[in-house]
Amino acid sequence: MAAKYSREELRAMPPEQFRAIVRRGEWTDVTADASQNYGQANMIALPKEYAFEFMLFCHHNPRPCYIIDVTEPGDPHPRLVAPEADLRTDLPQYRIWKDGELIEEPHDATDYWRDDLVTFLIGCSWGFVWALEAAKATFRSLGDYTTNIKLNPVGRLHGNMVCSCRAFPTAEKAVRAIQITTRHTAFHGPPVHIGDPTLIGIDHIGKPDAFIPPWSTEPPEPHETVMFWGCGITPQNVVMQSKIPYAVTHHPGHMFVIDKLVEEMAFM
């Protein structure tokens with residue numbers, strides 16, 4: 001179904017149009033090229049009894065978990081960033097978790113929705129990628145990895161940070177990327193680590209954890225500057241490590257496209 005739309009067509013679609021083709025099952029692939037210059041979000045829906053703990057957890061760990069919207073229990077409509085959207089149907093693929101275990105990966109979450117679920121939307125670095133592209137700060141995406149960076153625990157919630165990795169061909173482009181992403185705190189902000197991946201517990205670039213899809217298998221070149229950003233897959237790691245009884249999340253790479261422009265949410 002993904003082949004029905006070209007990269008150029010996806011980029012030209014406003015968010016509501018892209019979400020409509022997702023809802024109709026016409027797009028079930030990753031969202032990297034969707035709705036140029038608009039933000040994208042990671043999603044996690046948790047039982048109400050965990051909602052305050054998770055909100056506080058995000059407050060204490062803003063780099064991987066910056067909240068851009070949160071719903072009332074059972075409400076699938078994100079009132080601040082896309083009020084006409086439906087979080088049960090408008091992401092290309094979901095993950096269903098039970099007691100910290102991944103049990104299903106459907107393309108529609110309606111049958112898994114519950115009246116007690118509070119949904120959090122967390123900014124995604126694919127938002128600031130539009131800004132990097134506009135500045136010609138070219139890079140290679142090398143995937144997402146669980147690190148040894150411990151998150152600040154809150155109540156029953158704990159875990160390690162997941163980071164996205166990008167390799168820049170020159171130091172100039174790497175510095176430019178730091179400058180640009182620092183303005184985009186809603187989409188993870190500046191990198192959390194630069195350089196040697198083993199210092200944050202990553203032994204081999206190109207082989208991410210089993211629960212994270214690999215985007216690239218090519219290791220960084222000696223001339224490239226490697227940088228790591230906090231990643232919105234982190235809450236899924238928290239679900240596993242904290243053994244949360246029930247959760248609905250996005251499938252990595254299959255994000256929720258919001259109605260707000262990336263620049264509209266930038267720190268001035």
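Since every read-out is calculated from the coordinates, none of them should be taken as a lab result. Keep in mind it's a predicted model, so treat the numbers as computed, not measured. All Cβ positions, glycine included, derive from the backbone under ideal geometry; neighbour counts span all protein chains shown.
A few notes on this one:
- Between residue 261 and residue 49, the modelled labels are 4.5 nm apart [label points 7 Å from Cα along Cα→Cβ].
- The charge dipole of segment 97-184, taken about its Cα centre with unit charges on the Cβ atoms of Lys, Arg (+1), Asp and Glu (-1) only, comes to about 800 debye.
- For segment 49-106 and segment 33-47, distance of Cα centres in Å: 10 Å
- Under 19 Å from residue 150, Cα to Cα: lysines that are on another chain or at least 8 residues apart: 243
- Segment residue 152-residue 171, extension gain: residue separation times 0.36 nm, minus the distance between their alpha carbons: 3.7 nm
- Counted residue by residue at 0.36 nm each, then reduced by the alpha carbon distance between them, the extension gain from residue 72 to residue 135 reaches 18.9 nm.
- The H on the amide N of residue 170, modeled in the peptide plane, is under 5 Å from the matching H of 225, each at least 5 residues off or on a different chain.
- Cα shape, segment 133-235, gyration tensor, a/c 1.5 rule: oblate
- The modelled label-to-label distance between residue 178 and residue 221, using points 7 Å beyond Cα along the C-beta direction, is 2.2 nm.
- Neighbour-count ranking [beta-carbon atoms within 10 angstrom, fewest first] of 126, 97, 113: 113, 97, 126
- Long-range tail of P(r) for the chain (Cα pairs > 34 Å, %): 12 percent
- Efficiency of FRET between residue 80 and residue 203 - r from beta-carbon atoms, R0 51 angstrom, step 0.05: 0.80
- Total formal charge among the other residues, if their Cβ is under 13 angstrom from that of residue 10, Lys/Arg +1 and Asp/Glu -1: -1
- Summing +1 for each Lys or Arg and -1 for each Asp or Glu among the other residues whose beta-carbon sits under 11 angstrom from that of residue 166 gives 0.
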